[in-house]
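A quick write-up on the structure given underneath.
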């Protein structure tokens, strides 16, 4: 039986966002139901910017998902129960260029109202409209330890998305 979701306001998200993103991880998904890619991430945040509820996330341009992020107007953040940890590990380890992540994991893609894609197994989905992106500039690192995250100089692209819908299981 497919999961049923209901919309909630972003202010109704009850999760601790530090745990939600940093420890529980998320799938960032961009594209349409006919052509999309997803990747696991645990860098980002939720907040308020430019009079909007927003999320921000980080994707390296070398990741296949970034190709979809650049083309798409919308993207989603999907969060899961702990029982899906191995799927999140898989989606963070393998490239969508090399493997069909949906086929290999059993994730069930769903077309979001925004036109993006999320997964039926999600417990929380945040639909976002992309409103800003920028290449990370290492000249702007103010703390020296940050450079240690980029030994190959493969810097992230920062995406800010206006939150247009949040879904939780009914």
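The values are calculated or read from the model by the stated rules, or taken from the named source; none is laboratory data. Remember, it's a predicted structure, so these values are computed and weren't measured experimentally. Cβ coordinates were reconstructed from backbone atoms using ideal geometry, including for glycine residues, and neighbour counts include every protein chain displayed.
Structural remarks
- The lone exception for residue 96 - which of (1) in a loop (DSSP other than H, G, I, E, B); (2) in contact with a strand residue (DSSP E or B) (Cβ under 6 Å, 6 or more places away or on another chain); (3) closer than 19 Å to residue 167 by Cβ it fails: (3)
- Flag for residue 68 being at pLDDT 95 or above, in a strand (DSSP E or B) and buried (at least 20 other Cβ atoms within 10 Å of the Cβ): no
- Flag if residue 58 is in a strand (DSSP E or B), out of contact with any helix residue (DSSP H, G or I) (no Cβ under 9 Å at 6 or more places or on another chain), in contact (Cβ under 8 Å) with a residue 12 or more places away in the chain and closer than 22 Å to residue 136 by Cβ: yes
- Any chance residue 107 is modelled with pLDDT of 95 or more, touching a strand residue (DSSP E or B) at 6+ places or on another chain (Cβ under 8 Å) and in a strand (DSSP E or B): no
- Selected residue (criterion: surrounded by the fewest Cβ atoms within 10 Å (Cβ to Cβ)) from residues of segment 122-167 that are under 15 Å from the mean Cα position of the chain (by Cα) and not in a strand (DSSP E or B): 123
- Residue check for residue 117: under 22 Å from residue 20 (Cβ atoms) and either at pLDDT 95 or above or over 14 Å from the mean Cα position of the chain (by Cα) (or both): yes
- Checking residue 14 against (1) surrounded by 15 or more Cβ atoms within 10 Å (Cβ to Cβ); (2) closer than 15 Å to residue 126 by Cβ, the condition it does not meet: (1)
- Checked across segment 84-107, the condition of being closer than 20 Å to residue 23 by Cα, touching a residue at least 60 places away in the same chain (Cβ under 8 Å) and touching a helix residue (DSSP H, G or I) at 6+ places or on another chain (Cβ under 8 Å) holds for at least one residue.
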